[in-house]
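Here the structure comes first, spelled out in structure tokens, and everything after it is commentary.
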Amino acid sequence: MSQSRLTYLFNRYITKAYTPEEKAELFRLIQTEEADEELKALLGNMVEGTETEMHLPENTSDKIFQAIVGEMPALPVNVPVESRRSIPRWVGIAAASVVLAVLCSYFIFRTNKTGALTEAAIAVKNAGPSFIQITTTTREGKNIRLPDSTEVWLSPSSVLEYPPVFTGALREIKLSGEAFFEVAHDRQHPFIIHSGNIETRVLGTSFNIQAYDNQEEINVTVVTGKVNVSNKSKVEHVELVANQRAVFHRTTTELVKEEANTASAPIMLKRKDGEFVYKNERLQKVIDDLHEYFGINIQVAEAVKACPVNLNFYLSEKIEEVLEPISLMINGSVQKKGDIFFIDGKPCIKTN
């Protein structure tokens, strides 16, 4: 093993300049006993290299190292609050990336010389991996970059959970709500999203998942690439390509594959920029989404629930500005009574 190679990969990792291949190589090297002393030295240099005089104990790097490889239970490192100069932001990110992410999600499964997991490792393994949780409120969207460089655009009223670092054969995350994904391609490590009662598996592609707990349907719409969607309860699955979508019905647990409107898949890309676009969508479906996005109670008359609607809006707009064109489109009316909006109108005329 080349000492300079480990140092190179370590520095690439803490500055977040690594490639997926370099990260995998680094993790393989660190698993070997030959890397122990060099890893300990690198961790010590990382601590000493901060631009602050925090007077850390001499054995700080030993404690961090031993906690990482599982040779002893994780011990707290006492860091004085008072410092003469502030720690640079990149140092904090690097330390968190290496020590916290690796400690919690990777090296804790390191075996000792006899091949048995230490007591500390067993305890953490039984407790399950720690996940980072990102949430959005109404009228709020967030852009998240995952450890494998996958990008996620999280819609309002949603929750995304993912590990600090992906390890093992699969890249698995959880979603409640809605998000648009651009998954980093990695043929050796499929990307899996768990959302409600369905599981979406991909290698590298872009697609939108809508899985709000309050809605009857879960929708997966593919923009590019190929996606496999499975129904966990019935072990059913469908394979989707661009301009196709899967719909899971919570009540019947039925999973169906549909040809998406030729415009519906590409317009999902607009959600990356915060614009929500609907083409010939059922009014009730639009209203259900507006409830999630804006947190507003909107009641729709039975006669107009199935009316087709074309609409585009941004989360920064007032809800009245969104509802007014809808009422004009269906030749109906919208009224507000207290905190509730009511949409009424005559039955829509069906056209062939």
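The values are calculated or read from the model by the stated rules, or taken from the named source; none is laboratory data. Predicted model only: the values in this text are computed from it and were never measured. Positions of Cβ are backbone-derived with ideal geometry, glycine not excepted, and every protein chain shown enters the neighbour counts.
Just a few scattered comments:
- The residue list R245, R282 contains one member that is surrounded by 14 or more Cβ atoms within 10 Å (Cβ to Cβ), over 26 Å from the mean Cα position of the chain (by Cα) and of a type in the set (K, R), which is R282.
- F207 being closer than 23 Å to V152 by Cβ and in the same structural domain as T150 (by TED's automatic domain parsing): yes
- Any hit, the range 301-312, residues being within 26 Å of the chain's Cα centre (by Cα) and either modelled with pLDDT of 95 or more or on the phi < 0 side of the Ramachandran plot (or both): yes
- Any chance R250 is farther than 21 Å from E151 by Cα and surrounded by fewer than 19 Cβ atoms within 10 Å (Cβ to Cβ): yes
- Filter result for V238 (more than 11 Å from the chain's Cα centre (by Cα), crowded, with 22+ Cβ neighbours inside 10 Å and not charged (D, E, K, R)): no
- Residue within the range 209-231 that is outside any strand (DSSP E or B), in contact (Cβ under 8 Å) with a residue 60 or more places away in the chain, touching a strand residue (DSSP E or B) at 6+ places or on another chain (Cβ under 8 Å) and not small (G, A, S) present: yes
- None of E258, E281 is acidic (D, E), part of a strand (DSSP E or B) and in the same structural domain as S155 (by TED's automatic domain parsing) except E258.
- Residue that is at pLDDT below 90, over 29 Å from the mean Cα position of the chain (by Cα) and more than 23 Å from N214 (Cα to Cα), where the choices are P347, P266: P347
Here's the yes/no breakdown for (1) surrounded by fewer than 19 Cβ atoms within 10 Å (Cβ to Cβ); (2) in contact (Cβ under 8 Å) with a residue 12 or more places away in the chain; (3) in contact with a Cys (Cβ under 8 Å, 6 or more places away or on another chain); (4) outside any helix (DSSP H, G or I):
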residue: H291; (1), (2), (3), (4): yes, yes, no, no
residue: Q299; (1), (2), (3), (4): yes, yes, no, yes
residue: N310; (1), (2), (3), (4): yes, yes, no, yes
residue: F313; (1), (2), (3), (4): no, yes, no, yes
residue: S316; (1), (2), (3), (4): yes, yes, no, yes
residue: S327; (1), (2), (3), (4): yes, yes, no, no
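- Members of the range 133-162 that are of a type in the set (D, E), within 17 Å of S206 (Cβ to Cβ) and touching a residue at least 40 places away in the same chain (Cβ under 8 Å): D148
- Residues located in the range 179-201, provided they are in contact with a Pro (Cβ under 7 Å, 6 or more places away or on another chain) and either free of Cβ contacts under 8 Å to residues at least 40 places away in the same chain or among the hydrophobic types (A, V, I, L, M, F, W, C) (or both): R201
- Here G295 meets each of (1) crowded, with 18+ Cβ neighbours inside 10 Å; (2) on the phi > 0 side of the Ramachandran plot with one exception, condition (1).
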